[in-house]
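For reference, the structure discussed in these notes is given below.
The values are calculated or read from the model by the stated rules, or taken from the named source; none is laboratory data. This structure is a prediction, so every number in the text was calculated from the model and none was measured. Cβ sites come from the backbone with ideal geometry, for glycine too, and all protein chains shown count toward neighbours.
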Amino acid sequence: MHIPQSFPFQQFRFANVLYFFYTRGILIIIHGLNEHSGRYADFARQLNSCNFGVYAMDWIGHGGSDGLHGYVPSLDHVVADTGSFLEKIKSDHPRIPCFLYGHSTGGSVVLKAASYPYIKELVEGVILTSPALRVTPSHPIVGAVAPLFSLVAPKYQFKGANKRGIPVSRDPAALVAKYTDPLVYTGPMRIRTGHEILRISSHLNRNFKSVTVPFFVLHGTADKVTDPLASQDLYNQAASGYKHIKLYDGFLHDLLFEPEREEIGQDIIDWMETKLSFRR
């Protein structure tokens, strides 16, 4: 198994004594497709200011992790890495409650990981921003040939699957920062990576009623990358006893990079604080 690059954001923000006695909880960040965890440093600082510790990891083929840039041979590997990462953090901090956060395809990874009982037992809940829960191919023929081509030419770059031109934030500076970041993959999607996204989203979409983990899903209604109606269906159908949804009118895909990012970050913090209040 490859070793994902991980970043304990909290480590340089609090002295150890403060960390162990005053940290309310730990949020573990799983980034979205083609990006990397370092992009969430501002959100990590916001969380730290509210006494939440933060850890993050880069997927295989992303950011500082090994592998061909933008290539994911199996999202099950990312799910497994997420579980191992969580177990390590819980082992290091057994008395501190943990939450999993996933953005876009990272949200799919987090939701699938939380479907395993041993993972569900380790987390207080999961937070999903713009999760990839109902992904459809750009053309029906792509969905038909993807399983075969993902086997015979998995690293081939499918030029029709490059969504770089789709706006993901209403903040022009955030767009420039994202697409000039050398750790962000901006090339056409690789066949196997695309097939893996179709596969995990199809699995999740068929199993909304089986979701039992506490969750908070956030989505912009103007998102052109993932489907906000799928997030609504997840909320409506999930069996979770503690679940919440917030739809942001007119917001785009990268919620934590929208102009209102601090308010969105605070919504996440407020949800975690409310969830933790039930433990007392």
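Scanning segment 173-208 for residues that are closer than 21 Å to Ser65 by Cα and not in a helix (DSSP H, G or I) yields a total of 11. Taken over segment 237-280, residues that are within 21 Å of Phe208 (Cβ to Cβ) and among the β-branched types (Val, Ile, Thr) amount to 1. Report the residue count in segment 23-49 for those that are in a helix (DSSP H, G or I) and surrounded by 23 or more Cβ atoms within 10 Å (Cβ to Cβ). Residues flagged as in a helix (DSSP H, G or I) and surrounded by 23 or more Cβ atoms within 10 Å (Cβ to Cβ) within segment 23-49 amount to 6.
Of the helices (runs of 4 or more DSSP H) lying entirely inside segment 52-149, the ones with 3 or more residues being at pLDDT 95 or above and surrounded by 16 or more Cβ atoms within 10 Å (Cβ to Cβ) are found at 75-92, 105-113. The set of residues from segment 155-174 being surrounded by 15 or more Cβ atoms within 10 Å (Cβ to Cβ) and modelled with pLDDT of 95 or more comprises Val168, Ser169, Arg170, Asp171, Ala174. Screening the candidates Phe251, Phe257, Phe215 for the property of being buried (at least 22 other Cβ atoms within 10 Å of the Cβ), closer than 19 Å to Arg24 by Cβ and touching a helix residue (DSSP H, G or I) at 6+ places or on another chain (Cβ under 9 Å) yields one hit, Phe215. Counting the residues of segment 218-242 that are aliphatic (A, V, I, L, M) and either buried (at least 24 other Cβ atoms within 10 Å of the Cβ) or farther than 23 Å from Lys120 by Cβ (or both) gives 5.
Figure legend. Inter-residue proximity from segment 29-44: first residues within 23 Å of Gly194 (Cβ to Cβ), second residues surrounded by 24 or more Cβ atoms within 10 Å (Cβ to Cβ) and among the β-branched types (Val, Ile, Thr), beta-carbon distance below 7 Å, spacing 6+ or different chains. Indicated pairs: Ile30/Thr82; Ile30/Val109; Ile30/Val110; Gly32/Thr105; Leu33/Thr105; Ser37/Ile29.
The residues of segment 234-271 that are touching a strand residue (DSSP E or B) at 6+ places or on another chain (Cβ under 8 Å), free of Cβ contacts under 8 Å to residues at least 60 places away in the same chain, more than 13 Å from Gly220 (Cβ to Cβ) and part of a helix (DSSP H, G or I) amount to a single one, Tyr235. Being farther than 27 Å from Ile268 by Cβ and charged (D, E, K, R) is the requirement here; does Arg199 meet it? Answer is yes for this residue.
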